[in-house]
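Structure, as structure tokens:
Coordinate-derived values only; no laboratory data. Only a predicted model underlies this, so the values are computations on that prediction, with no experimental measurement involved. A quick note on method: Cβ atoms are made from the backbone with ideal geometry, for glycine too, and the neighbour counts reach across all protein chains shown.
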């Protein structure tokens, strides 16, 4: 075997091994979601493929009581409110971060607002471990009566992801020639309308990529929602951790079903903006 063929075969084996390692959790989640309780309860046998596939785990998540001999747990639960809460606070936090962060990034890129220290001061907001600041925020949110509310989560999600938006969008704005905005102003646009009509359309790919990244961060958050939300507002990640029963203990099948549902919004958003992703992921990556 020639050296080139050996190298090609080695690369193929490495890629195949990496795919197995990274895709196996996805495969296990998908199969677990369709297993009845008798197959995901601790026992001496491992079911790599569901022998008696069932939709009972999904039925329980939306308030229906599954029936049949393969269902050991028939008490329904309702995850609808938690999914709706996650959608509202994640979308709201993402829009807030994009609105404030994009304007800040443009000011830093075009007008050097805040000098050289402002971008690093903003970055410092992400340098503190969340667990170190979440307790003081809990006291503040309680005092402001925003504890256990959607608005409270939206504000904190927007603040937490704000630095990501600033640094990502700043690199995109740096790639836009200043002459474009200046030409729009000469044509009669104000600074705001020049920004909205001439600059933003040129960075829509970067804006879409940033929105996806920030949405995934907010959508998958667990710690902030666990501490700052109580009984009224429970997000899907927190609800997922609370799915247990006296009959089976940890309900792995039901959790897998909810996890499979929670993969949907980020994947759907990625599909909707896929034409912008490649451009957005490479735009601004060279010049820094």
- request: Return the single residue from 169, 32, 117 with maximal mean-square fluctuation; model: Gaussian network over the chain, springs between Cα atoms under 10 Å.
  value: 117
- prompt: Hey, what number do you get for the chain at 222 nm if only DSSP H runs of n ≥ 4 count, each worth -39500 (n - 2.57), divided across all residues, to the nearest 500?
  reply: -21000 deg cm²/dmol
query: Highest GNM mean-square fluctuation, the chain, Cα pairs closer than 10 Å: which of 25, 163, 130?
result: 25
message: Cut-off is 10 Å between beta-carbons; in what order do 38, 232 appear when sorted fewest neighbours first?
response: 232, 38
task: Please identify which residues in region 191-212 have an amide N closer than 15 Å to a label point set 7 Å out from the Cα of residue 113, following the Cα→Cβ vector.
output: 191-196, 200
- line: Expressed in µm² per second, the diffusion coefficient of the chain from the Stokes-Einstein equation, with Rh the Kirkwood radius over alpha carbon pairs, at 10 °C and 1.306 mPa s, is 71 µm²/s
message: For a Förster distance of 45 Å, can you work out the FRET efficiency between the beta-carbons of residue 100 and residue 12, rounded to the nearest 0.05?
response: 0.45
message: Sort 83-90, 134-141, 7-14 by the packing proxy (mean of other Cβ within 10 Å over each peptide's residues), most packed first.
response: 83-90, 134-141, 7-14
- request: Compute the whole-percent fraction of alpha carbon pairs in region 3-61 spaced more than 12 Å apart.
  value: 72 percent
field: Spacing of the two label points (7 Å from each Cα toward its C-beta) at residue 2 and residue 186, in nm
entry: 5.8 nm
- request: Describe numerically, in nm with one decimal, the distance between label points set 7 Å from Cα along Cα→Cβ at residue 126 and at residue 144.
  value: 2.2 nm
- request: Rank these for me by crowding, 255, 145, going from fewest to most other beta carbons within 10 Å.
  value: 145, 255
